[in-house]
Amino acid sequence: MRIVELRSDTKTKPTLAMREAMFAAEVGDDVSGEDPTVNRLEELAAEMLGKEAALFVVSGTMGNLSCVLTHCRRGHEVILGEWAHIYWAEVAGAAALGGISYRPLPNQPDGTIEIAGIAEGIRPPDLHYAQTGLICLENSHNRMGGTVLSLDYMAEVRELADRHGIPVHLDGARLFNAAVYLDVAVAEVAAYADSVQICLSKGLGAPVGSVVAGTAEFVARARKVRKMLGGGMRQAGIIAAAGIVALEQHVDRLRVDHANARLLAEGMATISGLDIDPDAVQTNIVNVRMTHDGPTAVQFETEMAERGVLFNTISDTEVRMVTHLDVTRSDILWALEQMTGLQTGRKMQV
Ligand code: TLP
């Protein structure tokens, strides 16, 4: 049966070029800094992100947690969006492991947090209050549908944070998607943050891994935190090699994923029971609502899975579809045909 995998861009399989690079990778013990392939990946990522240094980590979750633990002390409070992945889907790691509390603020549909809200959320230096230790942004914004924070917005947050002497961390799991959408170098977006986490294993297609970047001093401390979290890897060049291919070969092609997401959204806008504004789709994530007379999200997910089109429910009334390098334009057209067939059949039954 034909399968179109839209559950996540994490589902990509390594390309032949990645497998060859992994096979040929020169390796050493990365815990003592002796893996030349990991070192090369870290240098490349730091250069692309415009930062002094970078650190290879196992996952986006470990990258974000390492950064939060490096910026903050116990008792600090982190300002972030209520739909920030760090708050919503990373097992409250900073609270559980770091004694750090979160100050979640409402996310706007475009992924921003209102500047006035952040300003209000920053704690004054009162004896009773927690100290605001960090502001976290996410770009592109996963839960809000792959929306991109503008450079103007990033600059506003930076300016506010600087006025209060608070660092900014950027969860850039899909930062390259954001940069491609904005048509700027990824370093231009990262410039507004003190630390940034990028995922190699999402749209860039590597099988494993993320990178965090910042000043050399910050990264040296984050390296120690990574060790504490059990993230010191040995001959990690085997997986870092695929990460290098991801950064060298898979950035520009993200445009294809964005075009496919747009095509998918435009097609779904014409299918009964589904409610979507194709103009709201900016990158590779498509969130679709079910109309009140349409199927439930779970029903739609289950029935489409039976037809080979896989995606995830994100609420009672909403599903998420994600395009990536293992999904072609022809896959999108086929998926749309399946959806039209299902919805037309449903209407005829009524
Ligand atoms: N996102 C995944 C998971 O939620 C399953 C997905 O499918 O979108 N930041 C952002 C913005 C993310 O979207 C994710 C993962 C992470 C961090 C965490 O990365 P990993 O999964 O590598 O720990």
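The table below lists the values:
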quantity: Some residue of region 11-34 being at pLDDT 95 or above, surrounded by 20 or more Cβ atoms within 10 Å (Cβ to Cβ), within 16 Å of the ligand (Cβ to nearest atom) and in a helix (DSSP H, G or I); calculated: no
quantity: Residue within region 165-173 that is touching a residue at least 12 places away in the same chain (Cβ under 8 Å) and over 30 Å from residue 281 (Cβ atoms) present; calculated: yes
quantity: Residue ID - nearest to the ligand (Cβ to nearest atom), chosen from residues in region 78-121 that are closer than 22 Å to residue 145 by Cα and of a type in the set (Asp, Glu); calculated: 90
quantity: Selected residue [β-branched (Val, Ile, Thr) and over 23 Å from residue 281 (Cα atoms)] from 86, 115; calculated: 115
quantity: Residue satisfying condition, being within 16 Å of the ligand (Cβ to nearest atom), open to solvent by less than 20 Å² (accessible area, probe 1.4 Å) and either within 22 Å of residue 58 (Cα to Cα) or modelled with pLDDT of 95 or more (or both), within set 246, 265, 161, 241; calculated: 246
quantity: First in region 58-83 and touching a residue at least 12 places away in the same chain (Cβ under 8 Å) and closer than 18 Å to residue 174 by Cα, second anywhere and within 12 Å of the ligand (Cβ to nearest atom) and among the acidic types (Asp, Glu), Cβ under 7 Å, 6 or more apart; calculated: 61/90; 64/90; 64/171; 65/90; 81/138
quantity: Positions within region 270-294 being away from the ligand (no atom under 16 Å from the Cβ), surrounded by 15 or more Cβ atoms within 10 Å (Cβ to Cβ) and not charged (D, E, K, R), in sequence order; calculated: 271, 273, 274, 276, 278, 280, 290, 294
quantity: Hits in region 111-129 (condition: hydrophobic (A, V, I, L, M, F, W, C), in a loop (DSSP other than H, G, I, E, B) and surrounded by 13 or more Cβ atoms within 10 Å (Cβ to Cβ)); calculated: 113, 122
quantity: Qualifying residue in region 56-77 (condition: in contact with a Cys (Cβ under 7 Å, 6 or more places away or on another chain) and either outside any loop (DSSP other than H, G, I, E, B) or within 16 Å of the ligand (Cβ to nearest atom) (or both)); calculated: yes
quantity: Any hit, region 211-227, residues being within 13 Å of the ligand (Cβ to nearest atom) and crowded, with 23+ Cβ neighbours inside 10 Å; calculated: yes
quantity: Every residue from region 1-10 that is among the aliphatic types (A, V, I, L, M) and modelled with pLDDT of 95 or more; calculated: 3, 4, 6
quantity: Given (1) in contact with a Phe, Trp or Tyr (Cβ under 7 Å, 6 or more places away or on another chain); (2) over 30 Å from residue 258 (Cβ atoms); (3) within 12 Å of the ligand (Cβ to nearest atom), index of the condition residue 231 fails; calculated: (1)
quantity: Any hit, region 295-303, residues being open to solvent by 70 Å² or more (accessible area, probe 1.4 Å) and part of a loop (DSSP other than H, G, I, E, B); calculated: yes
quantity: Qualifying residues in region 146-170 (those that are in a helix (DSSP H, G or I) and hydrophobic (A, V, I, L, M, F, W, C)) - the one nearest to residue 259 (Cα to Cα); calculated: 151
quantity: Neighbours by Cβ (under 8 Å, 6+ apart or cross-chain): first from region 1-21, within 15 Å of residue 306 (Cβ to Cβ) and free of Cβ contacts under 8 Å to residues at least 24 places away in the same chain; second away from the ligand (no atom under 16 Å from the Cβ) and aromatic (Phe, Trp, Tyr); calculated: none
quantity: Region 249-259: number of residues that are open to solvent by 10 Å² or more (accessible area, probe 1.4 Å) and part of a helix (DSSP H, G or I); calculated: 5
quantity: Matching residues, region 324-345, being among the polar types (S, T, N, Q), modelled with pLDDT under 95 and surrounded by 16 or more Cβ atoms within 10 Å (Cβ to Cβ); calculated: 343
quantity: Within region 188-206, considering residues that are of a type outside the set (Asp, Glu) and open to solvent by 30 Å² or more (accessible area, probe 1.4 Å), the one farthest from residue 71 (Cα to Cα); calculated: 202
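The values are calculated or read from the model by the stated rules, or taken from the named source; none is laboratory data. All figures in this text were calculated on a predicted structure; none of them were measured in a lab. As a convention, Cβ positions derive from the backbone with ideal geometry for all residues, glycine included, and neighbour counts pool all protein chains shown. For accessibility, only protein heavy atoms count, side chains too; no ligands or nucleic acids. Shrake-Rupley method; radii C 1.70, N 1.55, O 1.52, S 1.80 Å.
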